[in-house]
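Data block below; observations after.
Values in this text are rule-based calculations from the coordinates and carry no lab data. Keep in mind that what you see is a predicted model, and the values were worked out from it rather than measured. Heads up, the Cβs are rebuilt from the backbone with ideal geometry, glycines too, and the neighbour counts pull from every protein chain shown.
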């Protein structure tokens, strides 16, 4: 039974932005298509040559634009088309992820994975996994609220502190 | 100025249109996007009429950007870019929305698929708005190749390239070319004499008008990039003038240092201090071993120039060349520069000689425990025993001989997990060579598995067992110890489950093929990758097996991993053909998806601050330092610069740069930003 | 010690080893010192040394105004000297272009600065000349060095978010944090790049979050926790907590501490095959 | 009108203001900072400080403010101006120097065209100032023609007369109305109140500054004094009279906001041209601009010094650059 058919009314549909490397995960997503493997339609893919080319700023921007969850996925360690791009990327996430967590952003909203060009099945599982997980977490309202520039910024700051209504 | 973008939505028969309302996608693309000036749908965009439609509309509508919403860009990005190019549009203004593999095929619900498709098209339209014209990068090519290593791999590759009419520089660090193959006695599975097939090739190479040979030389440095490598070669002091010397042999006959272990004979024979490694050496001209020559030792000790030492001048005195002798004690290392367009690395392997690793086998302790290559020398007609199988300790012909396979291979406990691939075959060959020479002798072989997967290989090994009567025992040897004149081999026969004890006269270890000791350093010199065992890495194990991670550098032979001769020769030929393709034109064209460090007018010059993190992370050594100079010649600042010849377009530098001063063409900052920004979530 | 410092400075200026000495002078109130740039030997008496010398003067190595003064001798505490090591490794200064006048230090600030509580560089690890009695650089255990973070790490996700939102909401985008930071040396900061504008320059909640997170991230594996960003923040955002958190992660994950050796590989420009990936799926 | 306000009536006052629909802003202590921000009741108010860390400026000219929203359609642009930004409020407990910054800034925000965001907020907000009962060495209001109990810019001025009591003086009609609205919390003042007002030493003679500035655009002192400046904008942002701003569009494909943000002349980028040329290329030039603007250009244009002597810039300066020291230095130079 497909998830789409089972979709209850008014169910929250999380918005996921995926940053994929061209050589492994993007090809893996293609393979899922070739194999007609159905999965949830909540993800929007941004393709880059390599996960090593993903600046953490991309992730911040994605949240600013209203993403409820983010997927970053590339080649398995040792398989990088550019030898070491994914290793450098992994190092980046090793510090960036705890930083976001420290600032109160639920790390489950960002998922990192290695999906090879042969792993169409893993792609489907990963997408369904993150969509379900983020659906569980609900909309990323706290971040999305940051987007409103109220008429009184100072008043808003107070509101953000949660002390006044 | 705003772009005029055309959006072409493909039905792909019904592959897309069955689950995506393509008309609606086209309509939506036009509706709310100021950049889109034309939209249409078509049954098969990739078909000839589809491509014609694209070309026609580019011209008619004056489009300067195109989004094709169709299958994966991996399928037809090229097709549509080429079509646009034909219509006079820069092909890098074409983007593909992947509506098939990543939407219609995976989302059967039509409204859902349509909604997602609208998004996907919008994202690509936004990216297209920021696309910039890119032109293929043209790199000049020096039509000359460098081959590093003069074993069979290097010789084969060099000959192939030279025969095709290109100049080849060959660099070999030993005094002679020939490599390991020249050391072998016979070769499997045909048992033809190694030197008989090797030496003609060596001579051919030496005499080839297109090949310049540097022996007793090493690579000092490699700079530059594909098509344009600058090579510095260190010609080590040979102490012999190669032009003058005729190779008459008088010098090495008079040399008083006669007890130096011969490397070529795997230390089973001796050589002199001035020597040629073996009679068929190319060049057949000697070199003075500066470590062992008594004159050189004296000069070193007294810190004087060698020629000022008078301890021994026998070789010089014996040299018949006049008026200037061919021997020059004072010769020093010389660095020569060469420019080449391509490089083949054929640096070969090294036989495992780390005896400490297998102390239980007594290698190094017991003279009669020898390695595979040593056995080759014993069996060779030109070897120290002239082909007689005699044990090193006392010259006795061994009546019982034990071969142990997988020494240093397939042994994760010792840190070497890989299979050396050749040992099963050469051990079988050794048992045969032994039986051919010692008719009543008995050969035992301890093995883990017998892996003989080449053409005629299985038959060959079965012959060793069935016809030549070698006894194969499946199991490992735990210990070897000396008992009188015998070596007691304690092993297990796992097929019968019994412990085997053999009193042998000689033991041959089928030692592993290892990477060269300096493989790691060497790879770093060339900025190519290597694996955990220090074997050099090909960029793709299946589809690019001879290409290294640096463009223009190719791999041949056992430097990449254990290989036998046929495989090595085949790979050398493959590497040569890659080089020939590269050298076939004066220029090569490369995809313009490369990084660029910004340059601005004075007084800023570049926002790069020169921290060179990009240089550190670049897998290709493609980031260079550039001094920005003032009019008076002083340096204002040093900033990064991308060498487009080396850059492979991964974007690692761009993501590492904190000030975003580096961008990757085709995925530049504005393009990625536009894509993220176009996701209309709220 | 002041006298010794002055004598050294005088000597260096007199024999033309350096053109200028970057040091501490008396501040506008007794509880403050201020950076001084001594170019004449007769002015060395303006130099002082006391517990209020909290500044990390190495920030003046990046400023064109002070670079113009010529080759400097710079007075550095152990912590400041760590910055010099990072600057050397990041190609911002050449070793021969700066004379390092190290001072041994028991801690600065009143009350004692947080950075001093877990100091393990009482004696600088790099210097040309050392003033003050050499002190032992006792190692401080990992937990102790990052103890300050404990109470914040313990917070729940929502509390963390609220805490930082409250802090960031104060941000006025004056950029004192990055301007003061000796390691924020970009000519054009990423926030100043407006095509595209990755980080909103506005001081609203969205722009403040992306700015503060990015500033901290850009110091990952580099920040030596001199705490200058936090000291100079006019609205008192505890910025160093973010830096410290990243330092902790870099040390935990990569076994790396910046500014301790000129020979190591910079944490964020290298990798190890065995780097943690437990959070990968 | 003069009245008396007892501290124990603060509660009633704040509650009363709330009831009357006022938003109340007052000094609030948080850790090391005392900031003017919205309070709900009097217990939040802190009065034990020299001056608040933030100035009164942000309540009239916020650090970030949306001035326009728009949506883009294929063929049209729709614009919407923000409404409701001027909220009826009382700023309670600000200092005379801050209050004085308002009339100074009125000139610039009403010159040429009038800035409706400023003007409407000025109308909506009533300023209840408390005279300074203490000062610190950074204060120099007396050097720029003000006093710790100056009335300019305030609607109501409170001055401490005992530990618990404040003398209430209405300054404007708006102030008088406010006092009337809250009549019940005030009582009659004593005949000869003992005004507890801080003393602020006069540091320089303002009259000598401008003539020197007129003649010394080029002078070594600019570079010498500012070489420790690290080029941050903290001084300009905490300043109650610095009023430069930048306008940016923050937008996606289909919609956006036009936003007005504080900017400052101490930033390198402030005067950077697209070409890369920067007419104020050194910190010395930027520092000179700050002084010139405050003590020469503004005086020439608006006949008013653009400095109220609050000393905030000196307090926050990361490098301990002290503006009154600079002015003292100018005075000395002028005397040479």
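For segment D:1-88, would you read off the P(r) tail past 20 Å as a percentage of all alpha carbon pairs?
Looking at segment D:1-88, the distances longer than 20 Å represent 55 percent of pairs.
Determine the percent antiparallel among the DSSP beta bridges restricted to segment C:1-148, to the nearest 5.
40 percent
Take B:377, C:95, B:290 and order them by how many other Cβ atoms sit within 10 Å, fewest up front.
C:95, B:290, B:377
Based on the alpha-carbon gyration tensor of segment A:13-138 and its eigenvalue square roots a ≥ b ≥ c, which shape applies: rounded if a/c is under 1.5, prolate if not and a/b is larger than b/c, or oblate?
oblate
Note down the nm distance, to one decimal, between modelled labels 7 Å out along Cα→Cβ at residue B:449 and at residue B:90.
5.5 nm
Hey, got the Cα dimensions of the protein assembly as shown along the principal axes, in Å, largest first?
The principal-axis extents, from largest down, are 136, 85, 65 Å.
In whole percent, what relative contact order does segment D:2-187 give with Cα contacts below 8 Å and a gap of six or more residues?
Numbers: 325 pairs, mean separation 45.9, N = 186.
Computed over segment D:2-187, the figure is 25 percent.
Mind checking A:73-81 for the average number of partner chain beta-carbons within 10 Å of each residue's beta-carbon?
The shielding value for this peptide is 3.
Take every DSSP beta bridge with both residues inside chain B and express the antiparallel ones as a percent of the total, to the nearest 5.
About 55 percent, rounded to the nearest 5.
Can you tell which of D:207, D:76, D:107 shows the greatest fluctuation in a Gaussian network model of chain D with Cα springs below 10 Å?
Looking only at D:207, D:76, D:107, the largest GNM fluctuation is found for D:76.
What's the exposure ranking of D:254, B:272, going from fewest to most Cβ atoms within 10 Å?
D:254, B:272
Mind giving me the FRET efficiency for residue B:474 and residue B:636? R0 is 60 Å, r the Cβ-Cβ distance, nearest 0.05 is fine.
Numbers: r = 72 Å, r/R0 = 1.21.
Taking R0 as 60 Å, the efficiency between residue B:474 and residue B:636 is 0.25.
Considering only the protein assembly as shown, what is the antiparallel percent among its DSSP beta bridges, to the nearest 5?
Numbers: 102 of 190 bridges.
Antiparallel bridges make up about 55 percent of those DSSP assigns within the protein assembly as shown.
In whole Å, what three semi-axes, largest first, describe the equivalent ellipsoid of chain B built from its Cα gyration tensor (square root of 5 times each eigenvalue)?
In descending order the semi-axes read 61, 35, 21 Å.
So what's the gap between the Cα centers of segment D:1-73 and segment C:239-261, to the nearest angstrom?
If you average the Cα positions of each part, the centres end up 40 Å apart.
Students often check this: by mean Cβ neighbours within 10 Å, which of B:315-321, D:183-189 ranks highest, and how do the rest follow?
B:315-321, D:183-189
Let me confirm one metric for peptide C:157-169, namely the mean number of other chain beta-carbon atoms within 10 Å of its residues' beta-carbons.
The per-residue average across the peptide is 6.
Rounded, prolate or oblate, given the Cα gyration tensor of segment C:142-267, with a/c below 1.5 counting as rounded?
oblate
Rank the residues D:217, A:96, B:8 as a footprinting-exposure proxy: fewest other Cβ atoms within 10 Å of their Cβ go first.
D:217, A:96, B:8
Rounded to the nearest 0.05, what FRET efficiency do residue A:79 and residue B:517 give with R0 = 25 Å and r taken as the Cβ-Cβ distance? Could you check?
For residue A:79 and residue B:517, the calculated efficiency is 0.30.
Calculate the mean, over all residues of peptide D:305-316, of how many other protein chain Cβ atoms lie within 10 angstrom of the residue's Cβ.
1
Given a Förster distance of 41 angstrom, what is the FRET efficiency for residue B:625 paired with residue B:254, based on the Cβ-Cβ distance and rounded to 0.05?
0.15
Label point 7 Å out from residue C:64 along Cα-to-Cβ: which residues of segment C:175-197 have amide N under 18 Å?
Residues C:179-180, C:184-190, C:192-193 qualify, since their backbone N sits under 18 Å from the label point.
Looking at the square roots a ≥ b ≥ c of the eigenvalues of the Cα gyration tensor of segment B:358-463, which shape do they give, rounded for a/c under 1.5, prolate if a/b is larger than b/c, or oblate?
Oblate is the answer for segment B:358-463, as a/c is 1.5 or above yet b/c matches or exceeds a/b.
So, in Å, what gap is there between the alpha-carbon centers of segment D:75-109 and segment B:141-200?
85 Å
Expressed in nm², what is the orientationally averaged projection area of the convex hull enclosing the Cα positions of chain D? Numbers along the way, then the final one.
Working: hull surface 80.3 nm².
Answer in nm², one decimal: 20.1.
Using a 7 Å offset from the Cα along the Cα-to-Cβ direction at both residue B:209 and residue C:110, what is the distance between the two label points in nm, to one decimal?
9.1 nm
At 222 nm, what value in deg cm²/dmol follows for chain D if DSSP H runs of at least 4 each add -39500 (n - 2.57) and the sum is divided by all its residues, to the nearest 500?
-8000 deg cm²/dmol
Multiply the residue gap between residue B:581 and residue B:305 by 0.36 nm, knock off their C-alpha separation, and tell me the result in nm, one decimal place.
Separation in residues times 0.36 nm, less the Cα-Cα distance, equals 94.5 nm.
Using the scaling law 2.2 N^0.38 Å as the reference, what is the normalised Cα Rg of chain C?
Chain C yields a ratio of 1.04.
Please sort D:160-166, B:25-31, D:93-99 by packing, taking for each peptide the average over its residues of neighbouring beta carbons within 10 angstrom, highest first.
In descending order of packing, they fall as D:93-99, B:25-31, D:160-166.
If each DSSP helix of 4+ residues adds -39,500 (n - 2.57) and the sum is divided by the residues in chain B, what number results at 222 nm, nearest 500 deg cm²/dmol?
-8000 deg cm²/dmol
Label point 7 Å out from residue C:17 along Cα-to-Cβ: which residues of segment C:100-114 have amide N under 20 Å?
Correct set: C:100-105.
Segment D:227-245 to segment B:573-592: how many Å between their Cα centroids?
So the two Cα centres are separated by 60 Å.
Return one number: the angle in degrees, 0 to 90 and rounded to the nearest 10, between the long axis of the Cα atoms of helix B:22-31 and the longest principal axis of the Cα atoms of chain B.
Its long axis makes an angle of about 70 degrees.
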